[in-house]
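Presented below is the structure to which this report refers.
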Amino acid sequence: MVFWISLAVLLVALVAGIAYCVLRGLQLYRNAKRASGTITAEMDRISEVTRQIERQSAKAAAASERLNSATGRLAQSRARLDVQLAAVREAQAQLRRTFWFVPGI
């Protein structure tokens, strides 16, 4: 009789253990599936943001090139202006020396 009771307790414990493991396994599977979906969505979002950053970086590089080109042209124009201003100042000085008696020149 004791044998049958201990066998029944063993079988109940074995079935309960298996049921517990199956339920925990199903819970783990569901959590992994949910986490996988969340991770996939976040990876897609990160990929999109990375693509946007790459596009903005390319635009910034192009703008930098245009800015460097414009800066070079501005330096050339400024050099020409400086030469022209020097010529105008020289001409004004020559006029002042020549027409020293005329006020306002």
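Descriptive notes on the structure:
- Looking at the chain, the pairs of alpha carbons with a distance over 21 Å make up 75% of the total.
- Cα-based helix-to-principal-axis angle, 2-98 vs the chain, degrees rounded to 10: 0 degrees
- Placing unit charges on the Cβ atoms only, positive for Lys and Arg and negative for Asp and Glu, gives the range 10-61 a dipole magnitude near 60 debye about its Cα centre.
- Charging the Cβ of each Asp and Glu at -1 and of each Lys and Arg at +1, and nothing else, the dipole of the chain about its Cα centre rounds to 420 debye.
Since every read-out is calculated from the coordinates, none of them should be taken as a lab result. These figures come from a predicted structure and were not determined experimentally. Ideal geometry is used to build each Cβ from the backbone, glycine not excepted, and the neighbour counts take in all protein chains shown.
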